[in-house]
Amino acid sequence: MTIATRRTAFTRTRRTRRTEAMRGLVRETRLDPAQFVYPMFITHGTDVRTPIESMPGQYQLSVDQMAREAGELAALGVRAVLLFGIPAYKDAEGTEAYADDGIVQQAVRELKRVDPALIVIVDVCLCEYTDHGHCGVLTAEGEVDNDASVPLHARTAVAAARAGADIIAPSDMMDGRVGAIREALDDAGFTSTPVMAYSAKYASAFYGPFREAAGSTPQFGDRRGYQMDPANAREARREVDADIEESADFVMVKPALPYLDIIRDIRERTDLPLAAYNVSGEYAMVKAAAANGWLDERRVVMETLTAIARAGADIIITYHAKDAARWIREDRA
Ligand code: PBG
(Lines give C-alpha, C1' and ligand atoms only; values in the text may rest on other atoms or scores of the structure.)
Protein backbone atom coordinates (compact mmCIF):
# COMPACT_ATOMS: atom_id res chain seq x y z
CA MET A 1 0.00 0.00 0.00
CA THR A 2 1.40 3.37 -0.91
CA ILE A 3 1.64 6.00 1.77
CA ALA A 4 -0.92 8.19 -0.04
CA THR A 5 -3.75 5.68 0.50
CA ARG A 6 -3.00 5.06 4.17
CA ARG A 7 -5.46 6.54 6.64
CA THR A 8 -3.43 5.82 9.76
CA ALA A 9 0.09 5.23 10.98
CA PHE A 10 -1.28 2.40 13.12
CA THR A 11 0.89 -0.57 12.17
CA ARG A 12 0.44 -4.29 11.83
CA THR A 13 2.27 -4.97 15.06
CA ARG A 14 -0.12 -2.67 16.93
CA ARG A 15 -3.12 -4.43 15.41
CA THR A 16 -1.92 -7.80 16.69
CA ARG A 17 -1.12 -6.52 20.18
CA ARG A 18 -4.51 -5.30 21.30
CA THR A 19 -5.82 -8.11 23.48
CA GLU A 20 -4.23 -10.88 25.52
CA ALA A 21 -5.84 -13.46 23.22
CA MET A 22 -4.34 -11.74 20.18
CA ARG A 23 -0.94 -11.47 21.87
CA GLY A 24 -1.19 -15.16 22.73
CA LEU A 25 -1.89 -15.95 19.10
CA VAL A 26 1.27 -14.25 17.81
CA ARG A 27 3.54 -15.06 20.77
CA GLU A 28 6.88 -16.50 19.62
CA THR A 29 8.22 -17.86 22.89
CA ARG A 30 6.30 -19.84 25.50
CA LEU A 31 7.59 -21.19 28.78
CA ASP A 32 6.73 -24.67 29.97
CA PRO A 33 7.54 -26.15 33.40
CA ALA A 34 8.83 -29.22 31.52
CA GLN A 35 11.83 -27.19 30.36
CA PHE A 36 12.87 -26.15 33.88
CA VAL A 37 15.51 -27.77 36.05
CA TYR A 38 15.33 -27.08 39.78
CA PRO A 39 18.69 -27.06 41.65
CA MET A 40 18.83 -28.45 45.19
CA PHE A 41 21.52 -28.49 47.89
CA ILE A 42 21.62 -31.74 49.83
CA THR A 43 23.13 -32.08 53.27
CA HIS A 44 23.63 -34.88 55.82
CA GLY A 45 21.24 -35.46 58.72
CA THR A 46 17.47 -35.75 59.01
CA ASP A 47 14.81 -33.08 59.11
CA VAL A 48 17.32 -30.42 58.11
CA ARG A 49 16.00 -27.40 56.25
CA THR A 50 18.54 -24.60 56.61
CA PRO A 51 17.66 -21.37 54.81
CA ILE A 52 20.35 -19.95 52.52
CA GLU A 53 20.53 -16.32 53.53
CA SER A 54 21.53 -14.82 50.19
CA MET A 55 18.99 -16.97 48.32
CA PRO A 56 15.63 -16.37 50.02
CA GLY A 57 13.32 -19.34 49.47
CA GLN A 58 16.20 -21.81 48.92
CA TYR A 59 17.43 -24.28 51.53
CA GLN A 60 20.08 -26.82 52.34
CA LEU A 61 17.94 -29.95 52.61
CA SER A 62 18.50 -33.33 54.19
CA VAL A 63 17.55 -36.33 52.05
CA ASP A 64 14.13 -36.78 53.73
CA GLN A 65 13.23 -33.10 53.21
CA MET A 66 14.39 -33.28 49.61
CA ALA A 67 12.11 -36.26 49.00
CA ARG A 68 9.16 -34.12 50.09
CA GLU A 69 10.13 -31.51 47.49
CA ALA A 70 9.85 -34.19 44.82
CA GLY A 71 6.11 -34.42 45.37
CA GLU A 72 5.72 -30.65 45.08
CA LEU A 73 7.76 -30.57 41.87
CA ALA A 74 5.68 -33.34 40.32
CA ALA A 75 2.47 -31.47 41.15
CA LEU A 76 3.88 -28.36 39.47
CA GLY A 77 5.04 -30.20 36.35
CA VAL A 78 8.75 -29.60 36.98
CA ARG A 79 10.34 -32.87 35.92
CA ALA A 80 14.06 -32.37 36.47
CA VAL A 81 16.34 -31.53 39.38
CA LEU A 82 20.04 -30.76 39.62
CA LEU A 83 21.77 -31.97 42.77
CA PHE A 84 24.65 -30.41 44.69
CA GLY A 85 26.10 -32.11 47.74
CA ILE A 86 27.32 -30.65 51.00
CA PRO A 87 29.67 -33.32 52.32
CA ALA A 88 30.26 -34.38 55.93
CA TYR A 89 33.99 -33.92 55.44
CA LYS A 90 36.29 -32.24 52.98
CA ASP A 91 39.79 -33.34 52.00
CA ALA A 92 42.41 -32.56 49.39
CA GLU A 93 41.02 -35.12 46.91
CA GLY A 94 37.31 -34.48 47.50
CA THR A 95 36.70 -38.17 48.24
CA GLU A 96 33.05 -37.83 49.29
CA ALA A 97 32.20 -36.79 45.72
CA TYR A 98 32.83 -40.33 44.47
CA ALA A 99 32.05 -42.36 47.59
CA ASP A 100 29.16 -44.81 47.11
CA ASP A 101 27.56 -43.51 50.31
CA GLY A 102 28.39 -39.87 49.49
CA ILE A 103 25.55 -37.46 50.15
CA VAL A 104 24.61 -37.02 46.49
CA GLN A 105 24.59 -40.76 45.86
CA GLN A 106 22.23 -41.18 48.84
CA ALA A 107 20.01 -38.40 47.53
CA VAL A 108 19.84 -39.87 44.02
CA ARG A 109 18.81 -43.29 45.32
CA GLU A 110 16.07 -41.76 47.48
CA LEU A 111 14.72 -39.53 44.68
CA LYS A 112 14.60 -42.42 42.22
CA ARG A 113 12.78 -44.46 44.87
CA VAL A 114 10.09 -41.85 45.56
CA ASP A 115 9.68 -40.69 41.94
CA PRO A 116 11.31 -42.97 39.34
CA ALA A 117 10.16 -40.69 36.50
CA LEU A 118 11.88 -37.59 37.88
CA ILE A 119 15.00 -36.68 35.87
CA VAL A 120 17.85 -36.54 38.36
CA ILE A 121 20.85 -34.59 37.12
CA VAL A 122 24.04 -34.71 39.16
CA ASP A 123 26.46 -31.80 39.06
CA VAL A 124 29.92 -33.32 38.86
CA CYS A 125 32.59 -31.13 40.42
CA LEU A 126 35.03 -31.38 43.31
CA CYS A 127 34.77 -27.83 44.70
CA GLU A 128 32.15 -28.67 47.32
CA TYR A 129 34.23 -31.65 48.46
CA THR A 130 37.81 -30.35 48.53
CA ASP A 131 39.22 -28.61 51.61
CA HIS A 132 40.84 -26.00 49.34
CA GLY A 133 37.57 -25.38 47.45
CA HIS A 134 38.96 -25.73 43.93
CA CYS A 135 37.23 -27.77 41.24
CA GLY A 136 40.08 -30.28 40.92
CA VAL A 137 43.09 -31.56 42.82
CA LEU A 138 46.22 -29.46 43.22
CA THR A 139 49.84 -29.82 42.13
CA ALA A 140 52.63 -29.43 44.70
CA GLU A 141 52.81 -25.78 43.58
CA GLY A 142 49.14 -25.27 44.42
CA GLU A 143 47.81 -25.13 40.87
CA VAL A 144 44.74 -27.04 39.75
CA ASP A 145 46.10 -30.17 38.07
CA ASN A 146 43.95 -30.76 34.98
CA ASP A 147 45.04 -34.28 34.13
CA ALA A 148 45.05 -35.57 37.71
CA SER A 149 41.56 -34.12 38.28
CA VAL A 150 39.82 -35.59 35.23
CA PRO A 151 39.91 -39.24 36.44
CA LEU A 152 38.32 -38.15 39.73
CA HIS A 153 35.51 -36.40 37.88
CA ALA A 154 35.04 -39.56 35.81
CA ARG A 155 34.88 -41.60 39.03
CA THR A 156 32.32 -39.19 40.45
CA ALA A 157 30.22 -39.54 37.30
CA VAL A 158 30.23 -43.33 37.56
CA ALA A 159 29.34 -43.22 41.27
CA ALA A 160 26.37 -40.98 40.44
CA ALA A 161 25.26 -43.20 37.55
CA ARG A 162 25.52 -46.25 39.76
CA ALA A 163 23.23 -44.55 42.27
CA GLY A 164 20.73 -44.01 39.47
CA ALA A 165 21.46 -40.53 38.07
CA ASP A 166 19.72 -39.85 34.75
CA ILE A 167 22.12 -37.18 33.47
CA ILE A 168 25.72 -36.36 34.42
CA ALA A 169 26.58 -32.65 34.39
CA PRO A 170 30.29 -31.86 34.75
CA SER A 171 30.76 -28.25 35.89
CA ASP A 172 34.47 -28.33 36.69
CA MET A 173 35.75 -26.95 33.35
CA MET A 174 38.81 -29.23 33.19
CA ASP A 175 39.90 -29.95 29.63
CA GLY A 176 39.06 -33.41 28.35
CA ARG A 177 36.61 -34.27 31.10
CA VAL A 178 33.60 -34.83 28.87
CA GLY A 179 35.39 -37.50 26.83
CA ALA A 180 36.86 -39.12 29.94
CA ILE A 181 33.45 -39.20 31.63
CA ARG A 182 31.83 -40.70 28.50
CA GLU A 183 34.46 -43.41 28.38
CA ALA A 184 34.17 -44.20 32.08
CA LEU A 185 30.37 -44.36 31.89
CA ASP A 186 30.51 -46.65 28.86
CA ASP A 187 33.12 -48.90 30.49
CA ALA A 188 30.92 -49.20 33.58
CA GLY A 189 27.90 -50.15 31.45
CA PHE A 190 26.14 -46.78 31.56
CA THR A 191 26.10 -46.36 27.80
CA SER A 192 22.66 -44.75 27.85
CA THR A 193 23.39 -42.11 30.50
CA PRO A 194 23.77 -38.72 28.79
CA VAL A 195 26.27 -36.00 29.63
CA MET A 196 25.18 -32.37 30.00
CA ALA A 197 28.37 -30.36 29.71
CA TYR A 198 28.75 -26.99 31.38
CA SER A 199 30.54 -25.93 28.20
CA ALA A 200 30.66 -22.14 28.26
CA LYS A 201 31.00 -21.58 31.98
CA TYR A 202 32.29 -18.14 32.83
CA ALA A 203 34.40 -17.10 35.84
CA SER A 204 31.48 -15.09 37.17
CA ALA A 205 30.86 -12.98 40.26
CA PHE A 206 27.24 -14.11 39.98
CA TYR A 207 28.12 -17.43 41.66
CA GLY A 208 28.63 -15.70 45.03
CA PRO A 209 25.44 -16.88 46.76
CA PHE A 210 25.92 -20.45 45.47
CA ARG A 211 29.29 -20.63 47.15
CA GLU A 212 27.64 -19.69 50.44
CA ALA A 213 24.93 -22.31 49.79
CA ALA A 214 27.37 -25.08 48.89
CA GLY A 215 30.32 -24.00 51.04
CA SER A 216 32.57 -24.08 47.97
CA THR A 217 34.46 -20.79 48.02
CA PRO A 218 38.09 -21.32 46.97
CA GLN A 219 40.34 -20.96 50.02
CA PHE A 220 42.97 -19.19 47.90
CA GLY A 221 43.05 -17.71 44.42
CA ASP A 222 40.06 -17.88 42.11
CA ARG A 223 38.69 -19.95 39.24
CA ARG A 224 39.92 -17.78 36.39
CA GLY A 225 42.51 -20.37 35.39
CA TYR A 226 39.82 -22.85 34.35
CA GLN A 227 36.56 -20.93 33.93
CA MET A 228 36.04 -18.54 31.01
CA ASP A 229 36.87 -14.85 30.82
CA PRO A 230 33.57 -12.87 30.67
CA ALA A 231 35.07 -10.80 27.85
CA ASN A 232 35.27 -13.76 25.46
CA ALA A 233 32.62 -14.92 23.01
CA ARG A 234 34.57 -16.76 20.29
CA GLU A 235 36.22 -18.85 22.97
CA ALA A 236 32.77 -20.11 24.01
CA ARG A 237 32.40 -21.67 20.56
CA ARG A 238 35.72 -23.48 21.00
CA GLU A 239 34.63 -24.80 24.39
CA VAL A 240 31.31 -25.99 22.95
CA ASP A 241 32.97 -27.55 19.89
CA ALA A 242 35.41 -29.45 22.11
CA ASP A 243 32.61 -30.81 24.30
CA ILE A 244 30.57 -31.87 21.27
CA GLU A 245 33.65 -33.54 19.80
CA GLU A 246 33.98 -35.43 23.10
CA SER A 247 30.33 -36.50 22.66
CA ALA A 248 28.39 -34.22 25.02
CA ASP A 249 24.64 -34.85 24.70
CA PHE A 250 23.66 -31.38 25.96
CA VAL A 251 25.69 -28.18 26.10
CA MET A 252 25.26 -25.32 28.55
CA VAL A 253 25.90 -21.62 28.86
CA LYS A 254 26.31 -20.21 32.37
CA PRO A 255 25.36 -17.66 33.75
CA ALA A 256 22.31 -16.85 31.63
CA LEU A 257 21.09 -13.25 31.71
CA PRO A 258 24.44 -11.45 31.25
CA TYR A 259 25.31 -13.98 28.50
CA LEU A 260 22.25 -13.94 26.23
CA ASP A 261 24.50 -13.16 23.27
CA ILE A 262 26.44 -16.35 23.96
CA ILE A 263 23.23 -18.38 24.23
CA ARG A 264 22.11 -17.04 20.84
CA ASP A 265 25.50 -17.70 19.30
CA ILE A 266 25.69 -21.30 20.56
CA ARG A 267 22.05 -21.86 19.51
CA GLU A 268 23.05 -21.03 15.96
CA ARG A 269 26.16 -23.20 16.17
CA THR A 270 24.69 -26.50 17.31
CA ASP A 271 21.42 -28.39 17.08
CA LEU A 272 22.10 -30.20 20.36
CA PRO A 273 19.78 -29.43 23.28
CA LEU A 274 21.03 -26.21 24.87
CA ALA A 275 20.71 -25.45 28.59
CA ALA A 276 21.20 -22.07 30.26
CA TYR A 277 21.88 -21.70 33.97
CA ASN A 278 20.08 -18.76 35.60
CA VAL A 279 22.56 -18.69 38.50
CA SER A 280 22.42 -17.86 42.20
CA GLY A 281 23.47 -14.22 41.83
CA GLU A 282 20.82 -13.58 39.20
CA TYR A 283 18.26 -15.05 41.60
CA ALA A 284 19.59 -13.07 44.59
CA MET A 285 19.36 -9.75 42.73
CA VAL A 286 15.70 -10.27 41.88
CA LYS A 287 14.85 -11.46 45.38
CA ALA A 288 16.61 -8.51 47.03
CA ALA A 289 14.94 -5.93 44.82
CA ALA A 290 11.55 -7.59 45.20
CA ALA A 291 11.92 -7.70 49.01
CA ASN A 292 12.45 -3.94 48.91
CA GLY A 293 9.40 -3.42 46.75
CA TRP A 294 11.61 -2.09 43.94
CA LEU A 295 10.65 -4.71 41.34
CA ASP A 296 7.58 -6.81 40.64
CA GLU A 297 9.07 -10.27 41.24
CA ARG A 298 6.58 -12.24 39.19
CA ARG A 299 6.83 -10.05 36.12
CA VAL A 300 10.61 -9.76 36.34
CA VAL A 301 11.07 -13.51 36.70
CA MET A 302 8.75 -14.34 33.80
CA GLU A 303 10.38 -11.71 31.60
CA THR A 304 13.85 -13.02 32.48
CA LEU A 305 13.02 -16.67 31.81
CA THR A 306 11.24 -15.74 28.58
CA ALA A 307 14.30 -13.78 27.45
CA ILE A 308 16.56 -16.76 28.16
CA ALA A 309 14.28 -19.04 26.12
CA ARG A 310 13.96 -16.43 23.35
CA ALA A 311 17.76 -16.21 23.14
CA GLY A 312 17.74 -19.91 22.27
CA ALA A 313 17.87 -22.02 25.43
CA ASP A 314 15.74 -25.18 25.38
CA ILE A 315 16.34 -25.93 29.05
CA ILE A 316 16.51 -23.39 31.87
CA ILE A 317 18.14 -24.30 35.15
CA THR A 318 16.64 -21.91 37.69
CA TYR A 319 15.95 -21.45 41.39
CA HIS A 320 12.71 -19.75 40.28
CA ALA A 321 11.46 -23.05 38.76
CA LYS A 322 8.71 -23.74 41.31
CA ASP A 323 7.39 -20.16 41.38
CA ALA A 324 7.52 -19.86 37.60
CA ALA A 325 5.70 -23.17 37.14
CA ARG A 326 2.97 -21.92 39.49
CA TRP A 327 2.67 -18.62 37.60
CA ILE A 328 2.54 -20.36 34.22
CA ARG A 329 -0.31 -22.48 35.51
CA GLU A 330 -2.16 -19.42 36.84
CA ASP A 331 -1.69 -17.58 33.54
CA ARG A 332 -3.13 -20.55 31.65
CA ALA A 333 -6.15 -20.94 33.93
C1 PBG B 1 30.48 -25.96 40.85
C2 PBG B 1 29.36 -25.08 40.46
C3 PBG B 1 29.17 -23.72 40.71
C4 PBG B 1 27.88 -23.40 40.25
C5 PBG B 1 27.36 -24.56 39.71
N6 PBG B 1 28.29 -25.58 39.84
C7 PBG B 1 30.02 -22.74 41.41
C8 PBG B 1 31.32 -22.31 40.86
O9 PBG B 1 31.74 -22.71 39.77
O10 PBG B 1 31.98 -21.58 41.56
C11 PBG B 1 27.21 -22.06 40.35
C12 PBG B 1 25.72 -22.11 40.38
C13 PBG B 1 25.07 -20.85 40.84
O14 PBG B 1 25.72 -19.81 41.10
O15 PBG B 1 23.84 -20.88 40.95
N16 PBG B 1 31.67 -25.75 40.19
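The values are calculated or read from the model by the stated rules, or taken from the named source; none is laboratory data. This one's a predicted model, so the numbers in the text were calculated from it and none came from an experiment. Counting neighbours? That spans all protein chains shown, and the Cβs are built from the backbone with ideal geometry, glycine included. Remember, those area values only see protein heavy atoms, side chains included, never the ligands or the DNA or RNA. Shrake-Rupley method; radii C 1.70, N 1.55, O 1.52, S 1.80 Å.
In Å and from the alpha-carbon atoms only, list the Rg and Dmax of the chain.
My reading of the Cα-based Rg and Dmax gives 21.0, 80 Å.
What nm distance separates the two modelled labels at residue 162 and residue 285, each placed 7 Å from Cα along Cα→Cβ?
4.2 nm
With all protein chains present, how much of the accessible area of the range 30-332 (probe radius 1.4 Å) comes from carbon and sulfur, to the nearest whole percent?
49 percent
So what's the back-of-envelope 222 nm ellipticity for the chain, counting only DSSP H runs of four-plus at -39500 (n - 2.57) apiece and dividing by all residues, rounded to 500?
Details: 12 runs with 134 residues, N = 333.
Calculated at 222 nm, the ellipticity per residue is -12000 deg cm²/dmol.
Out of residues 5 or more away from residue 37 or on other chains, whose amide H comes under 5 Å of its own, with H placed 1.01 Å from N in the peptide plane?
Hits under the 5 Å cutoff: 316, 317, 318.
Give me the number: length gained by fully extending residue 329 to residue 7, i.e. 0.36 nm times residue separation minus the C-alpha to C-alpha distance, one decimal in nm. List each step's numbers first, then the result.
Working: separation 322, 0.36 × 322 = 115.92 nm, distance 4.13 nm.
Result: 111.8 nm gained on full extension.
Tell me, what HN-Hα J-couplings in whole Hz come from the Karplus equation 6.51 cos²θ - 1.76 cosθ + 1.60 at θ = phi - 60° for each residue of the range 81-89, using x for Gly and Pro?
10, 10, 9, 10, x, 10, x, 6, 9
Can you grab the distance from the C-alpha centre of the range 74-137 to the C-alpha centre of the range 195-218, Å, no decimals?
The range 74-137 and the range 195-218 have Cα centres separated by 15 Å.
Which value, in Å² and to the nearest 10, is the accessible area of residue 254 when all protein chains are kept and the probe is 1.4 Å?
Result for residue 254: roughly 20 Å² accessible.
Please report the net charge: other residues with Cβ closer than 13 Å to the Cβ of residue 212, K and R +1, D and E -1.
Values: positive: 211; negative: 53, 128.
So the surrounding residues net to -1.
Based on the Cα atoms of the range 159-311, what semi-axes does the equivalent ellipsoid have, where each is the square root of 5 times one gyration tensor eigenvalue, given in whole Å with the largest first? Before the final figure, lay out each step's value.
On the way: eigenvalues 157, 66, 54 Å².
Semi-axes (√(5λ), whole Å): 28, 18, 16.
Please calculate the 1.4 Å probe accessible area of residue 89, with all protein chains present, and give it to the nearest 10 Å².
Accessible area of residue 89: about 110 Å².
Looking only at the range 137-161, which residues have a backbone nitrogen under 16 Å from a spot 7 Å from the Cα of residue 220 in the C-beta direction?
137-145
Please state the Cα pair-distance histogram of the range 39-192 with 10 angstrom bins from zero: what percent is in each bin?
The calculated distribution, bin by bin, is 12, 40, 34, 13, 1, 0.
Using θ = phi - 60° and the Karplus relation 6.51 cos²θ - 1.76 cosθ + 1.60, list the HN-Hα couplings for the range 305-316 in order, rounded to whole Hz, with x at every Gly or Pro.
Each residue of the range 305-316 in turn: 5, 5, 5, 5, 5, 4, 5, x, 6, 7, 10, 10 Hz.
How large is log10 of I(q)/I(0) for the range 82-127 at q = 0.15, 0.25, 0.26 Å⁻¹ when the intensity is taken from the Debye formula with one equal scatterer per alpha-carbon?
With no solvent term, the Cα-only Debye profile gives -0.38, -0.89, -0.94.
Could you do me a favour and compute the accessible area per residue for the chain, 1.4 Å probe, result in Å²?
Computed with neighbouring chains in place, this is 46 Å² per residue.
Mind checking the alpha-carbon convex hull of the range 236-333 and giving the volume per residue in Å³? Write down the numbers at each step before the final one.
Numbers: hull volume 9.7 nm³, N = 98.
About 99 Å³ per residue, rounded to a whole number.
After finding the eigenvalues of the alpha carbon gyration tensor for the range 1-95, what semi-axes result from the square roots of 5 times each, listed largest first in whole Å? Please list the in-between numbers first.
Numbers: eigenvalues 524, 48, 27 Å².
With the √(5λ) rule applied to the range 1-95, the semi-axes are 51, 15, 12 Å.
Quick check: with the 1.4 Å probe, what order do 84, 190, 220 take by accessible area, largest first?
Working: 84 5, 190 50, 220 90 Å².
Descending accessible area places them as 220, 190, 84.
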